[in-house]
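Asker: For reference, the structure I am asking about is given below.
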Amino acid sequence: MKRTVLPRRFVPAAASALAVAAAVLVPQALPTSAPADVTAAQSADKHRDDFVIVGHRGASGYRPEHTLASYELAARMGADYIEPDLVITKDRVLVARHEPEIGGTTDVAAHPEFVGRKKTKQLDGVAVTGWFTEDFTLAELRTLRAKERIPAVRQHNTVFDGRYQVPTLQEVIDLSRRLSRELGRPIGIYPETKHPTYFQQQGLALEPELVKTLNRNGLNRPDAKVFVQSFEVSNLKALRNQLRVPLVQLTSSSGAPYDFVVAGDKRTYADIVSATGLREVATYAKGLGPAKDQVIPLDAAGNLGQPTALVANAHKAGLVVHPYTFRVENNFLPANFDSSAVAAESGNLFGEIAAYRKAGIDGLFTDNTDVAVAEEAEAR
């Protein structure tokens, strides 16, 4: 039997999510540093490869997303970066949630003191009903606890419902620094500005607070292990003049950036990923974060098809390509990588990642860092 030698970054994960589970159940209880002999050994063998593995919302295949436990598990599994999606509170504190609406990812609905906060708002032109971070102070958010966003697919994650708070960006940075020391390799952050036009319309722009936080932490420099990403364009162009870290233009397989819609610009994401569009992206960004079906679309049967020209055109423009999102459940895999008809069962994520690596991608976003790291090791 062929022996797989895992890269150094995988060692702290003890080779399995189960082995890590006890260690990250209560992140605050972990020691602030590893034993000196372990730290020295890890530091002597830091991860050096160029393929970027991003813990998408942390290790959200194993813990409720955007919690310190999720981020920590992703790092221990070997992620190069952890990804906080940034929204903002009433008192202008950046916190990590996938959307401004938090009814689906916290227990806010179970708090009678907040029943009057439930509202219907226009989020990027779509009516959304729920509770919104900008209507809460940080102190109020601290009284809530996170829960699994997709329990029908990830029922195993619901055992952790109610155990973790909504973290601030500063707490994510502090965690990345502690784990960098403990694991003997740099753990980067890959923040996304969520719905920037929406928050600007609320009078709570995300970008000034992001710039302040990066500056305050000494992370606004070209060699910092930081990427900043957005599905919109105008805020990335503005940030280019304020940040020295690389920017990443996110794209979707349908629709258009909402700032384009508001401005009456008729261009779509399809225009952005054209050869001409990618050359423009390269004037303000260093990377592209496409939906994975923009790299390899599915055929009529739902099977993985043939790669498009996107990766080649992006590389020609000087951009790295980090597609999203690679998940192990059949629900999210191409049909030819499914293991069964049961959506929540695990399929062949190894095979899907291998196909995308063959297409030339430079990294990826994944909910299952352990699988991505193991696939990378096997590919060597």
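This table checks each residue for (1) touching a Phe, Trp or Tyr at 6+ places or on another chain (Cβ under 7 Å); (2) touching a residue at least 24 places away in the same chain (Cβ under 8 Å); (3) of a type in the set (Asp, Glu).
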site	(1), (2), (3)
Thr283	no, no, no
Ile296	yes, yes, no
Ala301	no, yes, no
Ala312	no, yes, no
Leu319	no, yes, no
Ile353	yes, yes, no
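Asker: Also, quick follow-up: Can you name the number of the only condition in (1) in contact with a strand residue (DSSP E or B) (Cβ under 9 Å, 6 or more places away or on another chain); (2) over 25 Å from Gly78 (Cα atoms); (3) open to solvent by 40 Å² or more (accessible area, probe 1.4 Å) that Leu304 fails?
Answerer: (3)
Asker: Ok, one more. Kindly provide the set of residues from the range 125-139 that are surrounded by 17 or more Cβ atoms within 10 Å (Cβ to Cβ) and of a type outside the set (Val, Ile, Thr), ordered by number.
Answerer: Gly130, Trp131, Phe132, Glu134, Asp135, Phe136, Leu138
Asker: Consider Leu183 against the criteria (1) touching a helix residue (DSSP H, G or I) at 6+ places or on another chain (Cβ under 9 Å); (2) over 18 Å from Asp85 (Cβ atoms); (3) open to solvent by 60 Å² or more (accessible area, probe 1.4 Å): it satisfies all of them except one. Which criterion is unmet?
Answerer: (3)
Asker: Taking the options Ser60, Ser70, name whichever one is touching an Asp or Glu at 6+ places or on another chain (Cβ under 6 Å) and either farther than 25 Å from Gln202 by Cβ or at pLDDT 95 or above (or both).
Answerer: Only one candidate passes the filter, namely Ser60.
Asker: Has the range 260-283 got any residue that is modelled with pLDDT of 95 or more, open to solvent by 50 Å² or more (accessible area, probe 1.4 Å), under 16 Å from Val228 (Cα atoms) and under 18 Å from the mean Cα position of the chain (by Cα)?
Answerer: Scanning the range 260-283 turns up no residue that is modelled with pLDDT of 95 or more, open to solvent by 50 Å² or more (accessible area, probe 1.4 Å), under 16 Å from Val228 (Cα atoms) and under 18 Å from the mean Cα position of the chain (by Cα).
Asker: Restricting attention to helices (runs of 4 or more DSSP H) lying wholly within the range 103-209, give those where 1 or more residues are without any contact (Cβ under 8 Å) to a residue 40 or more places away in the chain and under 27 Å from Val233 (Cα atoms).
Answerer: Of the helices (runs of 4 or more DSSP H) lying wholly inside the range 103-209, those with at least 1 residues that are without any contact (Cβ under 8 Å) to a residue 40 or more places away in the chain and under 27 Å from Val233 (Cα atoms) span 196-201.
Asker: Test Lys237 against the stated conditions and say whether it is at pLDDT 95 or above, of a type outside the set (Ser, Thr, Tyr) and surrounded by fewer than 22 Cβ atoms within 10 Å (Cβ to Cβ).
Answerer: Criteria met by Lys237.
Asker: Here's a follow-up. Select from the range 323-380 the residues that are modelled with pLDDT under 95 and basic (Lys, Arg) and list them in ascending order.
Answerer: Arg380
The values are calculated or read from the model by the stated rules, or taken from the named source; none is laboratory data. Computed from a predicted structure; not experimentally measured. Quick reminder, even Gly has a Cβ in these numbers, built from the backbone with ideal geometry, and neighbours come from all protein chains shown. With ligands, DNA and RNA removed, areas are computed over all heavy atoms of the protein, side chains included. Shrake-Rupley method; radii C 1.70, N 1.55, O 1.52, S 1.80 Å.
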